[in-house]
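Engineer: One structure is given below, represented as structure tokens, and several questions about it will come after.
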Amino acid sequence: MVSASDVKSLREKTGAGIMDCKKALMETDGDLDKAVDLLREQGIADASKKSARIASEGLVTSYIHGNGKIGVLVEVNCETDFVARNQEFVDLCRDIAMQVAASDPGYIAREEIPEEIIEREKSILRTQALNEGKPEKIVNKIVEGRMEKFYQEQCLMEQPFVKDTDKDIQQLLKENIAKLGENIAIRRFERYVLGEGLEKRECDLADEIKKMTTE
């Protein structure tokens, strides 16, 4: 069993995230020194320290899918132009754009979601749980669990990576930070769907041509 104090100690030693620390301690049977070594081997400890550094270089990358039906623009930042030209960084940017095209996130991270949207979602989920006949005393716990699924669907950083669902986008970034030796951050993205928000035409092209030639 991993204690909260051990997780805290490991975080202080490495700067790694809570879940990374907990996982490392579980894999090393609670041995703090071995957990430190494991995080260093994985590059997670270094990646966490690098994440505080300024990333102002990078790329704006596009991805077009489905014969032009879906298009994505994404800005991914790094620290130097040298890394921005690195093929592995270029591939990472393309993978992130592909992720946005495939999974349609609304935000980069849960911290970006407006509080009113979170509260509205919680209210809906609470009503759903009550309508399902769930006991009042466990409804809050149910809502909490369903909100985690909401965050995973809506937040790019928490989505399973489409090319390897055993990791999420946060983990993908950490791996590339460790590999390339610089902080990497997803700054913004935009996803376009052909015809989105427009009324669909009632007639097809053949009907339009027929009308034009008979008028």
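Every read-out reported here was derived from the displayed coordinates using simple, explicitly stated rules and does not represent laboratory data. What you see is a predicted model, and the numbers here were worked out from it, not measured in a lab. Cβ atoms come from the backbone with ideal geometry, glycine included; neighbour counts cover every protein chain shown.
Engineer: Say the dipole of segment 25-164 comes from +1 at the beta carbon of Lys and Arg and -1 at that of Asp and Glu; which of C155, F89, T61 then lies farthest toward its positive end?
Structural biologist: C155
Engineer: Let me ask you something else. Which FRET efficiency, nearest 0.05, do T127 and Q152 yield, Cβ-Cβ r, R0 22 Å?
Structural biologist: Result of the calculation: an efficiency of 0.55.
Engineer: Rounded to a whole number of µm²/s, how large is the Stokes-Einstein D of the chain at 4 °C and 1.567 mPa s, given Rh as the Kirkwood radius over C-alpha pairs?
Structural biologist: 64
Engineer: Under a 5 Å amide H to amide H cut-off, with H placed in plane at 1.01 Å, what residues pair with D168 once short-range neighbours are removed?
Structural biologist: For D168, whose amide H was placed from the backbone, the distant partners under 5 Å are F161.
Engineer: For a quick check, take a GNM of the chain with Cα springs below 10 Å and name the residue from R120, R187, R85 with the largest mean-square fluctuation.
Structural biologist: R120
Engineer: Another question, then. In whole Å, how far is the Cα centre of segment 151-182 from that of segment 98-146?
Structural biologist: Between the Cα centre of segment 151-182 and that of segment 98-146, the gap is 21 Å.
Engineer: Under the Karplus relation 6.51 cos²θ - 1.76 cosθ + 1.60, θ = phi - 60°, what is the ordered set of whole-Hz ³J(HN,Hα) values for segment 69-75, x standing for Gly and Pro?
Structural biologist: The phi angles translate into 7, 10, x, 10, 10, 9, 10 Hz.
Engineer: With labels modelled as points extended 7 Å from the Cα through the Cβ direction, what inter-label distance (nm, one decimal) is found for E136 paired with D104?
Structural biologist: Each label point is offset 7 Å from its Cα along the Cβ direction, giving 3.8 nm.
Engineer: For the chain, modelled as a Gaussian network with Cα springs under 10 Å, which listed residue fluctuates most, V90, V100, V74?
Structural biologist: Maximum among the listed residues: V90.
Engineer: Select from L73, L38, L130 the residue whose mean-square fluctuation is largest in a Gaussian network model of the chain (Cα-Cα springs shorter than 10 Å).
Structural biologist: L130
Engineer: Sorting F89, F150 on the 10 Å Cβ count, fewest up front, what's the list?
Structural biologist: Sorted ascending by nearby Cβ count, the order is F150, F89.
Engineer: Through the Karplus equation 6.51 cos²θ - 1.76 cosθ + 1.60, θ set to phi - 60°, convert the phi angles of segment 86-91 into ³J(HN,Hα) values in whole Hz; use x for Gly and Pro.
Structural biologist: These are the phi-based 3J(HN,Hα) values: 5, 4, 5, 5, 4, 5 Hz.
Engineer: I want the local charge near V139. Using Cβ-Cβ distances under 13 Å, sum +1 for each Lys or Arg and -1 for each Asp or Glu among the other residues.
Structural biologist: Combined, the nearby Lys, Arg, Asp and Glu give +3.
Engineer: Which value in deg cm²/dmol, rounded to the nearest 500, describes the helix-derived mean residue ellipticity at 222 nm for the chain, given -39,500 (n - 2.57) per DSSP H run of n ≥ 4 and division by the residue count?
Structural biologist: Values: 10 runs with 118 residues, N = 215.
Value at 222 nm, helices only: -17000 deg cm²/dmol.
Engineer: Ok, one more. So which of K69/K167; K13/K122; K13/K167; K69/K141; K141/K167 end up more than 32 Å apart, counting from Cα to Cα?
Structural biologist: Correct reply: K13/K122; K69/K141.
Engineer: Work out from phi, with θ = phi - 60° and the Karplus expression 6.51 cos²θ - 1.76 cosθ + 1.60, the ³J(HN,Hα) of each residue of segment 159-168, listed in order in whole Hz, and give x for Gly and Pro.
Structural biologist: 6, x, 5, 4, 8, 7, 6, 6, 10, 9
Engineer: Extension gain E144-V60, at 0.36 nm per residue separation less the Cα-Cα distance, in nm?
Structural biologist: So the extension gain works out to 26.7 nm.
Engineer: Work out the length of the dipole vector of the chain about its Cα centre, built from +1 on the beta-carbon of each Lys and Arg and -1 on the beta-carbon of each Asp and Glu, and round it to the nearest 20 debye. Before the final figure, lay out the partial values.
Structural biologist: Details: 33 positive and 43 negative charges, 64 e Å.
Using only the charged Cβ atoms, the result is roughly 300 debye.
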